[in-house]
Number of protein chains: 2
Amino acid sequence: MREEDVETPALLLDLDAFEHNLDTMAAFLAPTGAKLRAHAKTHKSAVVAMAQMRRGAIGQCVQKVGEAEALAWGGIPDILVSNEVVGPKKLARLLALSGIAKLALCVDGLEQIAAAEAAAEAANHRLSVLVEIDVGGARCGVRPGPEAVALAERIAASPHLRFGGLQAYHGSAQHIRGLEERGAAIAQAAEDSRRTVEQLRQRGLDCPIVGGAGTGTFGFEVASGIYTEIQAGSYAFMDADYARNTTPPPFRHSLFVLATVMSRAVPGVAVVDAGHKAIPTDSGYPTLWERPGLRYTGASDEHGKIEIGDGAAPALGEKLRLVPGHCDPAVDRYDWYVGVRKGRVECLWPIAARGAMQ
Amino acid sequence: MREEDVETPALLLDLDAFEHNLDTMAAFLAPTGAKLRAHAKTHKSAVVAMAQMRRGAIGQCVQKVGEAEALAWGGIPDILVSNEVVGPKKLARLLALSGIAKLALCVDGLEQIAAAEAAAEAANHRLSVLVEIDVGGARCGVRPGPEAVALAERIAASPHLRFGGLQAYHGSAQHIRGLEERGAAIAQAAEDSRRTVEQLRQRGLDCPIVGGAGTGTFGFEVASGIYTEIQAGSYAFMDADYARNTTPPPFRHSLFVLATVMSRAVPGVAVVDAGHKAIPTDSGYPTLWERPGLRYTGASDEHGKIEIGDGAAPALGEKLRLVPGHCDPAVDRYDWYVGVRKGRVECLWPIAARGAMQ
């Protein structure tokens with residue numbers, strides 16, 4: 001099947017660009033001390049995870065237990081929930097995967113440690129637990145230093161838990177436009193992490209993992225020498241927002257929403273069949289791929305409004321590739337990747353963790 | 001099961017409020033000349049559609065063929081695609097439903113009429129086709145008056161098509177804050193529709209349907225006397241955006257995303273497990289239900305940041321009801337409604353058309 005025969009809206013994965021991105025990240029990290037634990041919150045697919053693992057990723061991150069289930073059942077052997085897991089049912093579901101995958105999760109409070117200990121004891125399993133520190137995002141995480149050390153000691157003293165390290169992700173830094181400001185934010189995060197690791201050592205606690213970094217900053221975390229695991233996810237796909245943050249190495253757009261022009265009745269406007277339900281707008285409107293003169297300027301639930309510049313008019317029924325503003329929630333709207341190469345459909349990959357919010 | 005035992009994020013439907021909304025709309029429309037053809041793009045569920053039909057709705061609107069399939073297979077007998085359907089495969093899928101449901105669709109150009117005629121001929125079925133007119137949204141639709149009449153005549157002259165009427169929905173007017181300005185926008189839309197109906201009559205064409213109106217404006221369309229079918233959808237659920245548009249009759253919030261507090265590590269902040277993937281932000285952040293002092297002030301993919309005012313601190317693990325800013329894309333993120341009444345779970349209703357974008 002040719003790309004232009006794919007029914008729309010559809011989530012396209014350009015396989016050449018995708019493989020380029022995976023190879024580029026692997027080559028970048030190979031000579032460094034940092035390993036890739038790619039973030040599956042972006043791709044939600046054991047197929048994509050396997051492609052990353054084959055290129056040297058040591059495991060995957062997830063944000064939700066449901067994502068861990070989809071990956072573990074899909075054969076991924078090493079999964080970190082880079083997030084807090086609250087509630088006994090969710091903890092029990094996570095522990096139930098311990099027979100088929102190596103698991104870890106994050107905490108940022110004593111209550112969560114007690115709950116994890118109870119769940120691990122009930123499952124008769126020793127669970128690895130990381131302490132999340134707030135390195136600038138002011139979202140989750142305790143303060144670096146003594147607060148984090150106190151939690152680590154409590155974990156280490158829990159019979160069914162093992163202290164796994166520090167989760168030190170600076171989410172808001174990913175989208176700082178200026179390279180220098182981004183670097184400064186990560187320099188502070190690295191310094192916070194380094195200080196906490198030293199204080200842990202002084203208390204006799206080894207820190208096996210310092211994890212964090214995203215597509216907007218990972219070069220800085222790698223350069224710091226303190227981060228052992230890089231949790232980038234978007235690099236595999238890229239999106240319009242990350243494309244505005246130019247950081248080497250260069251990644252290509254591999255993820256697109258294919259849309260069809262469904263109305264040309266209003267002068268100067270082409271309406272496509274992809275609105276809020278087909279493509280996210282939280283990080284800006286999508287951009288048009290290789291169609292200069294066309295601009296996506298408004299979304300309603302099922303419609304996207306495209307303004308037509310000089311000489312760029314698309315025909316009714318014409319299919320256009322949209323580059324999502326934000327790749328993660330774009331993927332989460334679809335059940336399948338339509339893998340294309342040089343204009344032909346090559347594969348359909350299930351997005352098994354689509355909607356796995358729990 | 002009690003509401004507080006529901007795993008999160010989950011989509012809650014408060015059944016008392018939902019039934020109140022359906023009863024209120026039915027009572028409002030009963031003495032008027034207008035009928036309800038409720039919009040299923042909001043609820044995406046044959047169960048909800050049936051509840052509307054039992055209270056006098058004459059049918060349902062959809063935006064996509066996939067939604068029509070979910071409703072027709074669920075037993076809904078009368079479905080209007082209030083939108084253009086472009087592409088022979090989609091038209092063939094729609095026609096394939098003609099054995100189990102009465103169908104109609106909209107066009108805003110000659111090419112679409114030719115394509116609908118070809119599809120209807122291939123299916124050996126006479127298909128009802130409405131002309132969409134642009135009454136102010138500048139999205140889809142031809143200009144009212146002669147352009148619309150020309151399309152209607154072409155439809156009427158097509159052997160396998162039947163002219164069904166006018167689609168005259170003013171989407172952007174729904175969200176105008178001032179009641180007077182909203183009324184003025186709909187007065188213009190009604191005048192455009194009335195003029196076009198008269199010109200159709202002069203050409204010997206009866207106009208069985210004038211359809212349009214949403215939750216923000218339907219009182220005006222009904223009062224105009226020209227609209228025969230009201231296409232409101234959100235009234236069944238309400239959302240934070242529509243709550244800011246006060247229009248009688250009063251509807252209640254029946255739709256919520258239930259979320260759990262997953263971190264209290266950062267002072268003054270509660271982080272919940274519902275971010276961009278669990279709740280839309282295109283029409284503003286969600287509001288907190290019956291929790292004064294709490295404000296949802298930031299979303300990332302899997303996290304919602306809630307700022308805590310005086311004396312309002314929620315505990316780790318506590319569950320909070322969020323009122324979505326925009327109900328339609330909220331529903332489209334979930335596979336089930338969890339129906340609750342007075343704090344107990346009463347039913348699970350499938351959202352069969354979740355993700356039915358094609």
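The values are calculated or read from the model by the stated rules, or taken from the named source; none is laboratory data. Quick caveat: nothing in here was measured; it's all calculated off a predicted structure. Here Cβ is always computed from backbone atoms with ideal geometry, including for glycine, and neighbour counts include all displayed protein chains.
Checked against (1) surrounded by fewer than 21 Cβ atoms within 10 Å (Cβ to Cβ); (2) small (Gly, Ala, Ser); (3) over 18 Å from the mean Cα position of the chain (by Cα), A:ALA51 passes all but condition (3). Quickly run through the range A:191-224 and pick out the residues that are outside any helix (DSSP H, G or I) and more than 30 Å from A:ASP14 (Cα to Cα). Scanning the range A:191-224 gives A:ARG203, A:GLY204, A:LEU205, A:ASP206, A:CYS207, A:PRO208, A:ILE209, A:VAL210. Candidates are the residues of the range A:58-69 that are more than 14 Å from chain B (Cβ to nearest Cβ) and crowded, with 20+ Cβ neighbours inside 10 Å; the one that is nearest to A:ALA236 (Cα to Cα) is A:GLN60. Annotation note: of A:GLN202, A:GLN112, A:GLN174, A:GLN188, the sole residue that is among the polar types (S, T, N, Q) and in contact (Cβ under 8 Å) with a residue 60 or more places away in the chain is A:GLN174. Scanning the range A:285-298 for residues being among the small types (Gly, Ala, Ser) and within 12 Å of another protein chain (Cβ to nearest Cβ) gives a total of 1.
Only one entry of B:ALA265, B:ALA278 meets the criterion of being of a type in the set (Gly, Ala, Ser), assigned to a loop (DSSP other than H, G, I, E, B) and more than 24 Å from the chain's Cα centre (by Cα), and that entry is B:ALA265. With respect to B:SER263, is the statement that it is crowded, with 24+ Cβ neighbours inside 10 Å and either touching a residue at least 12 places away in the same chain (Cβ under 8 Å) or more than 13 Å from chain A (Cβ to nearest Cβ) (or both) true? Spelling it out, B:SER263 is indeed crowded, with 24+ Cβ neighbours inside 10 Å and either touching a residue at least 12 places away in the same chain (Cβ under 8 Å) or more than 13 Å from chain A (Cβ to nearest Cβ) (or both). The residues of the range A:137-170 that are modelled with pLDDT of 95 or more and among the small types (Gly, Ala, Ser), listed by number, are A:GLY141, A:GLY145, A:ALA148, A:ALA150, A:ALA152, A:ALA156, A:ALA157, A:SER158, A:GLY164, A:GLY165, A:ALA168. Might you let me know whether the range A:27-36 holds any residue that is on the phi < 0 side of the Ramachandran plot, in a helix (DSSP H, G or I) and of a type in the set (Lys, Arg)? Checked against the condition, which is being on the phi < 0 side of the Ramachandran plot, in a helix (DSSP H, G or I) and of a type in the set (Lys, Arg), the range A:27-36 yields no hits at all. Going residue by residue through the range A:333-352, is there one that turns out to be under 18 Å from B:ILE279 (Cα atoms) and touching a helix residue (DSSP H, G or I) at 6+ places or on another chain (Cβ under 8 Å)? No, the conditions are met nowhere in the range A:333-352. In the range A:187-204, of all residues being closer than 14 Å to A:ALA148 by Cβ and of a type in the set (A, V, I, L, M), the one that is farthest from the chain's Cα centre (by Cα) corresponds to A:LEU200. Go through the residues of the range A:108-126 one by one and say whether even a single one is under 16 Å from A:ALA148 (Cβ atoms), facing another protein chain (nearest Cβ under 10 Å) and part of a loop (DSSP other than H, G, I, E, B). Yes - at least one qualifying residue is present in the range A:108-126.
Restricting attention to the range A:274-284, the residues that are farther than 19 Å from B:GLN63 by Cα and within 11 Å of another protein chain (Cβ to nearest Cβ) add up to 3. The single condition among (1) crowded, with 18+ Cβ neighbours inside 10 Å; (2) within 12 Å of chain B (Cβ to nearest Cβ); (3) over 27 Å from the mean Cα position of the chain (by Cα) that A:GLU132 does not meet is (3). A search for C-beta distances below 9 Å between a residue of the range A:137-149 that is under 9 Å from A:ASP108 (Cα atoms) and touching a residue at least 40 places away in the same chain (Cβ under 8 Å) and any residue that is part of a loop (DSSP other than H, G, I, E, B) and among the aliphatic types (A, V, I, L, M), counting only pairs 6+ apart in sequence or on different chains, returns A:CYS140/B:ALA265; A:CYS140/B:VAL266.
For first residues located in the range A:323-351 and closer than 14 Å to A:TYR242 by Cβ and more than 10 Å from every other protein chain (Cβ to nearest Cβ), partners that are assigned to a strand (DSSP E or B) and basic (Lys, Arg) and lie 6+ apart or on another chain with Cβ distances below 9 Å do not occur.
Could you list, in sequence order, the residues of the range A:225-257 that are in a strand (DSSP E or B) and within 11 Å of chain B (Cβ to nearest Cβ)? Once the filter is applied, which keeps residues that are in a strand (DSSP E or B) and within 11 Å of chain B (Cβ to nearest Cβ), the range A:225-257 yields only A:VAL257.
Taking the range A:1-16, which residues are outside any helix (DSSP H, G or I) and closer than 15 Å to A:ASP273 by Cβ? Result: A:VAL6, A:GLU7, A:THR8, A:PRO9, A:ALA10, A:LEU11, A:LEU12. Say we look at the range B:308-322 and pick out the residues that are away from chain A (no Cβ under 11 Å) and either in contact with a Ser or Thr (Cβ under 7 Å, 6 or more places away or on another chain) or in a loop (DSSP other than H, G, I, E, B) (or both); which of these is surrounded by the most Cβ atoms within 10 Å (Cβ to Cβ)? My answer is B:PRO314. Can you pull out every residue in the range A:323-358 that is among the charged types (D, E, K, R), surrounded by fewer than 16 Cβ atoms within 10 Å (Cβ to Cβ) and outside any loop (DSSP other than H, G, I, E, B)? Across the range A:323-358, the qualifying residues are A:ARG344, A:GLU346.
Quick one: would you say A:LYS305 is within 13 Å of chain B (Cβ to nearest Cβ) and either outside any loop (DSSP other than H, G, I, E, B) or hydroxyl-bearing (Ser, Thr, Tyr) (or both)? The answer is yes for A:LYS305. Is it the case that the range B:89-97 has a residue that's touching a residue at least 60 places away in the same chain (Cβ under 8 Å), outside any helix (DSSP H, G or I) and either surrounded by 23 or more Cβ atoms within 10 Å (Cβ to Cβ) or within 11 Å of another protein chain (Cβ to nearest Cβ) (or both)? No: the range B:89-97 contains no residue that is touching a residue at least 60 places away in the same chain (Cβ under 8 Å), outside any helix (DSSP H, G or I) and either surrounded by 23 or more Cβ atoms within 10 Å (Cβ to Cβ) or within 11 Å of another protein chain (Cβ to nearest Cβ) (or both).
Here's the yes/no breakdown for (1) in contact with a strand residue (DSSP E or B) (Cβ under 9 Å, 6 or more places away or on another chain); (2) more than 14 Å from chain B (Cβ to nearest Cβ); (3) of a type outside the set (Val, Ile, Thr):
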{"residue": "A:ALA38", "(1), (2), (3)": "yes, yes, yes"}
{"residue": "A:THR42", "(1), (2), (3)": "no, no, no"}
{"residue": "A:GLY56", "(1), (2), (3)": "yes, yes, yes"}
{"residue": "A:VAL81", "(1), (2), (3)": "yes, no, no"}
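Evaluate the range A:67-82: report whether one residue or more is outside any helix (DSSP H, G or I), within 15 Å of A:GLY214 (Cβ to Cβ) and not acidic (Asp, Glu). Within the range A:67-82 (the criterion being outside any helix (DSSP H, G or I), within 15 Å of A:GLY214 (Cβ to Cβ) and not acidic (Asp, Glu)), the answer is yes, since at least one residue qualifies. Quick one: is A:ASP310 farther than 20 Å from A:THR215 by Cβ, more than 16 Å from the chain's Cα centre (by Cα) and either modelled with pLDDT of 95 or more or of a type in the set (Val, Ile, Thr) (or both)? Here the answer is no, as A:ASP310 does not meet what is asked. Here A:GLU221 meets the list (1) of a type outside the set (A, V, I, L, M); (2) in contact (Cβ under 8 Å) with a residue 12 or more places away in the chain; (3) within 14 Å of chain B (Cβ to nearest Cβ) almost entirely, failing just condition (3). Exactly one residue out of B:PRO144, B:PRO159 is more than 18 Å from B:CYS61 (Cβ to Cβ) and within 14 Å of chain A (Cβ to nearest Cβ), and it is B:PRO144.
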